[in-house]
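Everything below concerns the one structure shown next.
Values quoted throughout were computed directly from the atomic coordinates according to the rules given, and no laboratory measurement underlies them. Keep in mind the model is a prediction, meaning the values are calculated, not measured. In this analysis, Cβ positions are derived from the backbone assuming ideal geometry, glycine residues included, and neighbour counts consider all displayed protein chains.
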Amino acid sequence: METINAIGRRKTSVARIYLTSGKGNVTVNDRDLKEYFPNEILQTTVNQPFALTNALGKYDVNVNVQGGGIRGQAEAVRLAISRALIEISSDSRLPLKKEGLTTRDPRMVERKKYGRRKARRRFQFSKR
């Protein structure tokens, strides 16, 4: 099997993954998954597409991720892995779509506007 690459985004995080057949090693920015994402919830988030398609331990994943926070990065990696698994086998599309892992979450931070303290918050109004 050749290397399959896919991209995933979430907020300002961008994850590029390279999926090859292997023993289930996940490397994020040249570090082990457990070292890069020490929180077990984030590790589960990254491995969720493999668990849904019964592919745990079948593929090695090399991830380059940048931007955003640690949660957004984990969800960007999850989307990229889902897209790569669909590219390998179209049978895995249905369970991933059912869990909502094929959809790019479009929510982004709203920009700050001039004349405001934040995006929508106004400066305090004093009547007198």
ask   = How big is the gap, in Å, between the Cα center of the range 70-95 and the Cα center of the range 1-51?
value = 9
task = With label points built 7 Å along Cα→Cβ from the Cα atoms of Leu56 and Ile4, find their separation and express it in nm.
result = 2.0
inquiry  = Please list, ordered by chain and number, the residues whose modelled amide H lies under 5 Å from the amide H of Asn5; skip anything fewer than 5 residues away on the same chain.
reply    = Leu19
task = For the range 66-82, take each phi angle, set θ = phi - 60°, evaluate the Karplus expression 6.51 cos²θ - 1.76 cosθ + 1.60, and give the result in whole Hz per residue in order, putting x for glycine and proline.
result = 8, x, x, x, 5, 5, x, 5, 4, 6, 5, 5, 4, 5, 5, 5, 4
ask   = Can you tell which of Arg117, Arg93, Arg107 shows the greatest fluctuation in a Gaussian network model of the chain with Cα springs below 10 Å?
value = Arg117
message = If I model a spin label at Asn29 and Leu94 as a point 7 Å from the Cα along the Cα→Cβ vector, what separation in nanometres do I get?
response = 3.9
ask   = What is the magnitude of the charge dipole of the range 4-98 about its Cα centre, with +1 placed on the Cβ of each Lys and Arg, -1 on the Cβ of each Asp and Glu, and no other charges, expressed in debye to the nearest 20?
value = 360
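Quick one: net charge around Leu52, please, counting Lys, Arg +1 and Asp, Glu -1 for every other residue with C-beta under 14 Å from its C-beta.
Local charge sum for Leu52: +4.
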key: Degrees between helix 40-52 axis and first principal axis of the chain (Cα, 0 to 90, nearest 10)   = 50
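Net charge around Ala84, counting only other residues with Cβ within less than 13 Å of its Cβ (Lys, Arg = +1; Asp, Glu = -1)?
+2
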inquiry  = Run the numbers for Ser126 and Tyr18: contour at 0.36 nm per residue of separation, minus the present Cα-Cα distance, in nm.
reply    = 33.2 nm
key: Antiparallel content of DSSP bridges confined to the chain, in %, to 5   = 85
inquiry  = Given bins 5 angstrom wide, list per bin the percent of all Cα-Cα distances in the range 4-98, short to long.
reply    = 3, 16, 27, 29, 17, 7, 1
inquiry  = If you filter the range 25-128 for chymotrypsin sites (Phe, Trp or Tyr not before Pro), then keep DSSP loop positions with at most 16 other Cβ within 10 Å, what is left?
reply    = Tyr114, Phe123, Phe125
key: For the range 83-97, Karplus couplings with θ = phi - 60° (6.51, -1.76, 1.60), whole Hz, Gly/Pro x   = 5, 5, 5, 5, 5, 5, 9, 6, 5, 7, 5, 4, x, 5, 5
remark   = Of the residues Leu56, Ala119, Val26, the Cα lying farthest along the dipole of the chain towards its positive end, which is defined by charges on the beta carbon of Lys, Arg, Asp and Glu, belongs to Ala119
key: Neighbour cut-off at most 15 other Cβ (10 Å), DSSP loop, GluC sites (Glu not before Pro), the range 20-128   = Glu99, Glu110
